[in-house]
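What follows is a short report on a single structure.
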Amino acid sequence: MNNTTVVNMSDLSFSDAVTKLDTPFDVFKFDCKDMISNSEAFKLRQALLTMTFKKKSCDLYSFSQSSDFIRSTNIKKPKEVEQFLIFLEKIKQNIAIYLGKTFNNTISVSCSKYDQGDYLLCHDDRVDDRSVAFIYYLNYDWLPEWGGTLDVYSVDDNNCATEIVKNINPEFNSMIFFPVERYTYHQVAENTSTFSRISINGWFHCDDLSWKMYDHPLKYLSPFYTPHAVSPNRMNRCKSVAEMCIEPMFEEPIFREAIRDTFIKDGFIMCEGFFKSSMVDHLSNEIFSNNIGWKIKGPLNKMHYKYVDLDELPLTMLFIVNMLKTDRMFQFFQECSGFEFLSVNIEVQRWHGGHYMVSGGNDGLAGFNVLSVYLFFSQCFGEMSDAIKDDLHYVFEEKDTLTPKFACKPQHNTIFMVNRDSNMDSYVKYCKIVDGHAWTVVVANYLIKNDRRLDIKLYRFDD
């Protein structure tokens, strides 16, 4: 933007260049072409791509970002970026008048680059003293089918995100801005193209905020079932049925002892080939059919995957779930872990592209001491690899540290056991659409006996 004069909006009508979008909360689109020509916007994009970007990745996002243009004093900025900051100051003044806001002197602003497979999941921007968010787009002829849209969510009565109601395409040389409120949930959809999605984004800050920080109450898992005691005259039948399903080596005391030794040392263990191939065939025919009534698990600001009500499971899957409730399986996991258990909660889940669960106790286990058992059945395009960080979807970390203790991939016909103490958090990393991964998992959380909580209601599983 060298030698370019930024047009003063006092000579034009700012409000005429702004469109209020049809969204659950106030979102505005500003057509910037009367202040920055398309040719100058192209030059700005090229200048930005010469800058240094740092890859950022966690449970909530994966994208690359420059240093803050204003706060980072040692950053070398191209002249086009310097000129853009002059433009941004003028925009700040106009937005303040347009929205009736009083900003302080702080502006947070940087460049974000979303390459193929990058994303930013559902969030609301309520951090520090952010008042108005803005995103200036530099993507020429971007097609909506490439992803990378700014998706806007509706909310329920508890201010939790429920569904996407608006997809805003990142239109070249335009700016989106909106006041930050407690219900302003949005995301950047995964970029499924081979092109980089470029934007300059940030916040105008304010000393007198219109929102207050609060935490949504955590929901705990329910129901927890006490072990089902099989009557003596059915004990042999139960044993023979289990032996029909599970590979015989898991019945060997010496093998269970080896599992326990590793589990106690590492805090987790993954064993391949848990079910016999004949049982896997039966299960695969059921769980990968189109006849299961999968439902969406939310709220979407915390998680997004599919589950099925246990009473709607097909016959073989229901048999496996009920088997996990028997005292025989309680005993099996006791011998493999060294723990005694009081009860179990079970959920059958389906995961594929676009699914995730962010950290923060959203698995319903905050404050519990449990043995978490995962029975994975994976079908995907391309193999998952332990060497690829994004394939290690299940991440376990010490609470509030953001430091993973261990992680695992959802490998076909494996059983994964992990010691989930009350100080551990977990999340399921976003499943990228471009990777083509999909899996079904039976998750059984066995409540450790010395962790009986007064607020947990226990249920008895009847014949």
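The values are calculated or read from the model by the stated rules, or taken from the named source; none is laboratory data. Every value quoted in this text rests on a predicted model; they were computed, and no experiment measured them. Reconstructed Cβ throughout: ideal geometry from the backbone, glycine too, with neighbour counts over all protein chains shown. We work out accessible area using only protein heavy atoms, side chains counted, and drop any ligands, DNA or RNA first. Shrake-Rupley method; radii C 1.70, N 1.55, O 1.52, S 1.80 Å.
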Review point. Magnitude of the Cβ-charge dipole of region 11-205, K/R +1 and D/E -1, about the Cα centre, nearest 20 debye?
Key: 840
Point to revise | Fully extended contour minus Cα-Cα distance, from Q331 to E171, at 0.36 nm per residue | key: 51.7 nm
Study note, to complete from the structure: The simple spin-label model distance between D311 and V434, using points 7 Å out along Cα→Cβ, in nm, is 4.4
Point to revise | Calculated FRET efficiency for the pair A366/K56, C-beta based, R₀ 25 Å, to 0.05 | key: 0.45
Point to revise | Cleavage-rule hits, GluC sites (Glu not before Pro), region 313-386, DSSP coil, Cβ neighbours within 10 Å at most 15 | key: E340, E383
**Study point:** Share antiparallel - DSSP beta bridges, the chain, percent rounded to 5
**Key:** 95
Point to revise | Options [x] 21.1, 66; [y] 41.3, 170; [z] 26.1, 91 - which one matches Rg and Dmax of the Cα atoms in Å as calculated here | key: [z]
Point to revise | FRET efficiency, D156 to L85 (Cβ-Cβ, R0 45 Å, nearest 0.05) | key: 0.70
Study note, to complete from the structure: Given trypsin sites (Lys or Arg not before Pro), DSSP loops and at most 14 other Cβ atoms within 10 Å, the longest exposed-site-free stretch of the chain is 220-451
Check your understanding: With the other protein chains left in place, how much accessible area per residue, in square angstrom, belongs to the chain at a 1.4 angstrom probe?
Key -> 46
Revision key, fill the gap. Once S289 and F406 are pulled to full extension, the length gained, defined as 0.36 nm per residue separation minus their Cα-Cα distance, is 38.9 nm
Revision key, fill the gap. Per residue convex hull volume, Cα only, region 248-319, in Å³ is 139
Point to revise | Tensor-based shape of region 80-191 (alpha-carbon gyration tensor, a/c under 1.5 rounded, otherwise prolate or oblate) | key: oblate
Check your understanding: For the residue pair L209 and K101, what label-to-label distance in nm results when each label sits 7 Å from Cα along the Cα-to-beta-carbon direction?
Key -> 1.3
Practice item. Keeping the other protein chains in place, figure out the carbon and sulfur percent of the accessible area of the chain, with a 1.4 Å probe. Key: 49
Study note, to complete from the structure: From the cross-link list K43/K77; K55/K295; K113/K302; K76/K113, the entries with a Cα-Cα span beyond 22 Å are K55/K295; K113/K302
Point to revise | Sequence of L99, L365 from largest to smallest accessible area, 1.4 Å probe | key: L99, L365
Review point. Using a simple spin-label model with points 7 Å from Cα along the Cα→Cβ vector, what separation in nm is obtained for Y140 and E251?
Key: 6.9
Practice item. First check a/c for region 11-205, with a ≥ b ≥ c the square roots of the eigenvalues of its C-alpha gyration tensor; if it is under 1.5, answer rounded, and if not, answer prolate when a/b is larger than b/c or oblate otherwise. Key: rounded
